[in-house]
Amino acid sequence: MTPDSLRAALGGVPDPDWLDTALRRVSTEPTAITRLFPAAGRRCGRAALPDAPGWTADDAARVLLLTSLPGEHAAYAERLYQHGDAAERRAVLRALPLLPIGADGVPLLHDAIRTNDTRLVAAALGPYARHLDQAAWRQAVLKCVFSAVPLANVADLDTRADGELTAMLAALAAERHAAGRELPADANDLLHRLTAALPREA
């Protein structure tokens with residue numbers, strides 16, 4: 001999603017004037033975001049957005065507030081994440097790929113992946129996860145499998161999956177099979193795809 005598409009999807013929020021005013025204010029008075037960011041859920045609602053599948057109104061509004069900042073995006077993202085509740089933290093994570101911060105937001109991904117909040121784990125593995133090194137990314141994918149986070153949330157899964165991830169999934173599958181359990185269906189499907197892509201021995 002882009003800021004423009006999120007803004008269009010928010011056309012039916014309960015208080016559109018509040019959102020317009022908040023976006024303008026943040027663009028000229030950046031410190032106002034610390035008050036407006038938490039208020040977005042109350043003023044814009046938390047309903048799912050029909051024109052932005054997977055997004056809620058408060059998520060989208062908070063992402064737009066962050067993208068409206070004139071600068072210091074990484075510093076504000078970290079501050080809002082550290083002081084936010086789970087919904088606010090998720091919005092920060094979803095905003096990261098839309099902010100001009102390079103890899104500065106990676107520590108927030110590591111923090112989110114360490115939590116037991118599946119919403120944060122899923123948000124951390126969106127498009128911005130391209131900045132995770134391969135070892136951390138593999139561990140995050142396994143965290144999804146252990147936590148029952150749908151692998152559909154993992155951006156670039158098929159292009160980043162490698163032999164090491166295949167071996168890790170195979171070991172986990174064998175461990176679970178020995179215990180009379182199976183991998184989640186999406187993880188099992190991924191393992192089959194990866195195994196099928198391996199070169200066959202002569």
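The values are calculated or read from the model by the stated rules, or taken from the named source; none is laboratory data. Just so you know, these numbers come straight off a predicted model, no measurement behind them. Virtual Cβ from ideal backbone geometry, glycine too; neighbours counted across all protein chains shown. When the accessible area is computed, the model is the full protein with side chains, heavy atoms only, and any ligands, DNA or RNA have been set aside. Shrake-Rupley method; radii C 1.70, N 1.55, O 1.52, S 1.80 Å.
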* Structure fact -> Scan of the chain for trypsin sites (Lys or Arg not before Pro) in DSSP loops with at most 10 other beta-carbon atoms within 10 Å gives a longest site-free stretch of 1-180
* For the range 120-202, which GluC sites (Glu not before Pro) are both in a DSSP coil and crowded by at most 10 other Cβ atoms within 10 Å? -> Glu201
* Read phi for every residue in the range 188-198 and hand back ³J(HN,Hα) as whole Hz from Karplus 6.51 cos²θ - 1.76 cosθ + 1.60, θ = phi - 60°, with x for Gly and Pro. => 5, 4, 4, 4, 5, 5, 5, 5, 5, 7, 5
* Structure fact -> Whole-number value, in Å³ per residue, for the convex hull of the alpha carbons of the chain is 127
* To do: Using the Karplus curve 6.51 cos²θ - 1.76 cosθ + 1.60 with θ = phi - 60°, work out ³J(HN,Hα) for each residue of the range 127-138 in order, rounded to whole Hz, and write x for Gly and Pro.
  => x, 5, 5, 4, 7, 6, 5, 4, 5, 5, 5, 4
* Carbon and sulfur: what percent of the chain's accessible surface (1.4 Å probe)? -> 52
* Return one whole number: the accessible area per residue of the range 16-123 in Å², for a 1.4 Å probe. => 45
* Expressed as a rounded percentage, what relative contact order does the chain have, with Cα pairs under 8 Å and six or more residues apart? -> 14
